[in-house]
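J.: One structure follows; several queries about it will come next.
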Amino acid sequence: MLEELDKLIDFIQIEYKDLTEKWEQSVYYHKINLKSNLVCDVLGNKQMLEAIVNYREFINENNIQLVMDFKQFNTDKSKISIRTKAKNSIEYKIKNYVENHENGKVPINKCFNDLFGIRIICDKELTNSQIAKIVDSKYKNLKCIDSSKETYKATHIYFKKNNFSFQWELQIWNKINEIDNIISHEKYKQDYIKWENENKGGKK
C-alpha cells in the first residue's frame, strides 16, 4: 500500500504543476500573495474573493480530465475520489474564520488549502508515522499533517508551488475509519448549509 501511495503522490505533483502553470496563464488568474493577505482582508476586497472563486471555476472546467486522470489509481487496494470545494462552503469558511479563528487574521493559503482535494481510502491500514516517513525522506517540498480530530482519523498532505498558488490537499483515510470520517464531514456540511439557509434564504 505504501508503494501505491508513493506513486499517487508522484502523480499528484505532476498534475498540480501542470494545472498550476495552466492557471497562471488563464484569464482567471489574479496574482495575490496568499500568505501575506489574510482571510479578514477578503471581506473588503472583491479581487481577493474573485481569485478564490475563480480558482474553483478553473478546476471545475478541468474536472472531467482530472477524474479520468485519477481513475487509474482505483484498485482492489484503494479507492480514489476528487472534489472541488463548493461555493457556499467557501463563503461559510470565510465567515467561520473571521468569527472563530483569530478574527480572520490567518493567511488565505492556510484557510483555503483544500479548494481542490484528492482522497485515497486504503484497504490496508497505514499509520501517520509510516506516511510521514515517506514524505520526510522523499518529498521535502510537501507538508504532511496528522489531521485526526475526535472521530475523524486521517493524514493530510499539501501540495504548494509558492505563496501565489492555491494548494491541493490529499486526504489519506484507512477503510476502517471511512464511516466515522464521512459522518464527521457531513456534520460540517450541515453547519454551512444551515448557515446558508439562515443568511441567504436557501439560495445558491
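Values in this text are rule-based calculations from the coordinates and carry no lab data. Quick caveat: nothing in here was measured; it's all calculated off a predicted structure. Note that each Cβ is placed from the backbone with ideal geometry, even for glycine, and that neighbours are counted across all protein chains shown.
J.: Report the full-extension gain for the segment Ser137 to Met1: residue separation times 0.36 nm, less the Cα-Cα distance, to one decimal in nm.
T.: 47.3 nm
J.: Starting from the Cα-Cα distance between Ile14 and Asn60, subtract it from 0.36 nm times their residue separation and give me the gain in nm to one decimal.
T.: Extra length from Ile14 to Asn60 when fully extended: 14.7 nm.
J.: A further question follows. For the chain, report the convex hull volume of the alpha-carbon atoms normalised per residue, in Å³, without decimals. If you can, show how the numbers build up before the last one.
T.: Details: hull volume 26.6 nm³, N = 204.
Convex hull of Cα atoms, per residue: 130 Å³.
J.: Let me ask another. Residue separation times 0.36 nm, minus the C-alpha to C-alpha distance between Ser36 and Ile145: what's the value?
T.: Difference between extended and current length: 37.0 nm.
J.: Related question: Under the definition of Cα pairs under 8 Å and six or more residues apart, what whole-number percent is the relative contact order of the stretch 2-200?
T.: 22
J.: Which of rounded, prolate, oblate describes the stretch 53-93, given a ≥ b ≥ c as roots of the alpha-carbon gyration tensor eigenvalues and a/c under 1.5 marking rounded, otherwise prolate only if a/b is larger than b/c?
T.: Since a/c reaches 1.5 but b/c is at least a/b, the shape of the stretch 53-93 is classed as oblate.
J.: FRET efficiency for Ile82 and Asn103, Cβ-Cβ distance as r, R0 = 30 Å, nearest 0.05?
T.: 0.35
J.: Which value in nm describes the separation of the simple spin-label points at Glu50 and Asp123, placed 7 Å from the Cα toward the beta carbon?
T.: Label-label distance for Glu50 and Asp123, simple model: 4.9 nm.
J.: Hey, what's the Kirkwood Rh for the stretch 1-93 if you take every pair of different alpha carbons, in angstrom?
T.: Result for the stretch 1-93, one decimal place: 15.2 Å.
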